[in-house]
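Chemist: Below you'll find the structure I mean.
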Amino acid sequence: MQRIVVLISGRGSNLEAIVRQSVAQDWPGRVVAVLSHKADAGGLAWAAGQGIATAAVDHRAHATREAFDTALADAIDAHRPDWVVLAGFMRILGDGFVQRYAGRLLNIHPSLLPAFPGLHTHRRALEAGCAVAGATVHFVTPALDHGPIVAQAAVPVRAGDTPETLAVRVLAAEHRLYPMALRWAVRGRLRLDGQRVLQLDGEPQHLFCEET
């Protein structure tokens, strides 16, 4: 059974989607721990209610980013993870941390990468006049939001959209996309070919979420 550790910063809606789908689809993997840099992150309470181990590693208690990364990695490694999953984790992780989990560290970003890495993605997509927005699951590398792409979901931009209304629909797409990509990962159905990620069963690595 593959062991998954999820890192969050807030309410953990993607965490909930992953946990529920892992059970409903009988994955050969389970979320064994949820960690946050914020003790009051809502997703920690939800995970504890599901019987999942939780812990908070406060970044403010560490003098440097490297010290925080080390403490976080120690807390993660206590659960012997096969996969480390960033689900709304709002801390930039250093190169050493990323290399420690290379090839088994996943993130979801609320844009169609390589467009709009970083913050304020929905506002930037609207300002650029995009006809579609969306989300991307990717392997994490030291370059922020530039790792090999596992899967993407596209969401149409509607007339009158605001960053807030677009964010709601993109998040709904994320709840479909992230469990799909992680299911492939724990089943061993992904292969890295340079910067390209192959889905070994030939399943489409994109979703079109017109109904969201």
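Chemist: In the list Glu174, Glu203, which residue meets the criterion of being assigned by TED's automatic domain parsing to the domain that holds Arg124, among the acidic types (Asp, Glu) and closer than 24 Å to Gly118 by Cβ?
Modeler: Residue meeting the stated conditions: Glu174.
Chemist: With the condition kept exactly as written, say whether any residue in segment 79-96 is touching a strand residue (DSSP E or B) at 6+ places or on another chain (Cβ under 9 Å) and among the β-branched types (Val, Ile, Thr).
Modeler: Within segment 79-96, one or more residues are touching a strand residue (DSSP E or B) at 6+ places or on another chain (Cβ under 9 Å) and among the β-branched types (Val, Ile, Thr).
Chemist: Under 8 Å between Cβ atoms, which residue pairs at least 6 apart in sequence (or on different chains) link something in segment 168-192 that is of a type in the set (Phe, Trp, Tyr) with a partner that is buried (at least 17 other Cβ atoms within 10 Å of the Cβ) and in a helix (DSSP H, G or I)?
Modeler: Within 8 Å, the pairs are Tyr178/Asn14; Tyr178/Ala17; Tyr178/Ile18.
Chemist: Still on this model: Say whether the condition of being outside the structural domain of Ala41 (by TED's automatic domain parsing) and under 15 Å from the mean Cα position of the chain (by Cα) is met by at least one residue in segment 155-167. Give the steps one after another, and end with the answer.
Modeler: Pass one, segment 155-167, residues outside the structural domain of Ala41 (by TED's automatic domain parsing): 155-167.
Pick out the ones that are also under 15 Å from the mean Cα position of the chain (by Cα) and you get none.
No, segment 155-167 contains no residue that is outside the structural domain of Ala41 (by TED's automatic domain parsing) and under 15 Å from the mean Cα position of the chain (by Cα).
Chemist: Would you kindly identify the strands (runs of 3 or more DSSP E) lying entirely within segment 1-91 that contain at least 3 residues that are more than 24 Å from Pro110 (Cβ to Cβ) and among the β-branched types (Val, Ile, Thr)?
Modeler: No strands (runs of 3 or more DSSP E) qualify here.
Yes/no per residue for (1) of a type in the set (Asp, Glu); (2) closer than 16 Å to Leu182 by Cα; (3) in contact with a His (Cβ under 7 Å, 6 or more places away or on another chain):
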{"site": "Thr64", "(1), (2), (3)": "no, no, no"}
{"site": "Asp74", "(1), (2), (3)": "yes, no, no"}
{"site": "Ala78", "(1), (2), (3)": "no, no, no"}
{"site": "Asp82", "(1), (2), (3)": "yes, yes, no"}
{"site": "Gly88", "(1), (2), (3)": "no, yes, no"}
{"site": "Ile92", "(1), (2), (3)": "no, no, no"}
{"site": "Gly96", "(1), (2), (3)": "no, no, no"}
{"site": "Tyr101", "(1), (2), (3)": "no, yes, no"}
{"site": "Asn107", "(1), (2), (3)": "no, yes, yes"}
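Chemist: May I ask you to verify whether Ala33 is farther than 18 Å from Trp184 by Cβ and without any contact (Cβ under 8 Å) to a residue 60 or more places away in the chain?
Modeler: Numbers: farther than 18 Å from Trp184 by Cβ: yes; without any contact (Cβ under 8 Å) to a residue 60 or more places away in the chain: yes.
In short, yes.
Chemist: Taking interchain pairs and intrachain pairs at least six residues apart, which have beta carbon atoms under 8 angstrom, with the first residue in segment 39-67 and under 18 Å from Arg11 (Cα atoms) and modelled with pLDDT of 95 or more and the second acidic (Asp, Glu) and surrounded by 15 or more Cβ atoms within 10 Å (Cβ to Cβ)?
Modeler: Once the first residue is under 18 Å from Arg11 (Cα atoms) and modelled with pLDDT of 95 or more and sits in segment 39-67, its partners that are acidic (Asp, Glu) and surrounded by 15 or more Cβ atoms within 10 Å (Cβ to Cβ) give Gly43/Glu16; Trp46/Glu16.
Chemist: Only one of (1) surrounded by fewer than 21 Cβ atoms within 10 Å (Cβ to Cβ); (2) at pLDDT 95 or above; (3) not hydrophobic (A, V, I, L, M, F, W, C) fails for Asp145. Which number is that?
Modeler: (2)
The values are calculated or read from the model by the stated rules, or taken from the named source; none is laboratory data. Note that the coordinates shown come from a computational prediction; the quantities given were computed from them, not determined experimentally. Cβ sites come from the backbone with ideal geometry, for glycine too, and all protein chains shown count toward neighbours.
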